[in-house]
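Just passing along the structure, written as structure tokens.
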Amino acid sequence: MESTNNLVTSSVNDVSAKKTFKSMTVREKCAYAKTVITVEPLLVFYFLPSLICFPALYNLELEKSCRLL
């Protein structure tokens with residue numbers, strides 16, 4: 001078993017070795033975003049436009065039906 005001092009030293013080195021977001025390349029940023037984003041934000045990005053468009057489409061149907069009468 002490793003000593004606690006060795007474990008702490010190795011974990012500190014791992015943390016300090018990570019790149020900051022600003023120093024990443026575009027490809028690394030895209031890969032990072034792909035690993036971080038979960039299902040919920042994708043659902044929000046899918047349903048938000050449909051919720052915004054619903055009143056406009058409903059109004060359009062209403063105007064077309066009233067115009068024919």
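Can you work out ³J(HN,Hα) from phi for every residue in the stretch 28-35, in order, using Karplus 6.51 cos²θ - 1.76 cosθ + 1.60 and θ = phi - 60°, giving whole Hz and x for Gly and Pro?
Whole-Hz 3J(HN,Hα) from phi for the stretch 28-35: 5, 5, 5, 5, 5, 5, 5, 7.
Here is a follow-up. By how many nm would the segment from Thr25 to Glu63 lengthen if fully extended, with 0.36 nm per residue of separation less the alpha-carbon distance?
Net length gain for the segment: 8.6 nm.
Bear in mind these aren't lab numbers, they're just calculated from the coordinates by the rules spelled out. Just so we're clear, the structure is a prediction, and the values are computed from it rather than from any experiment.
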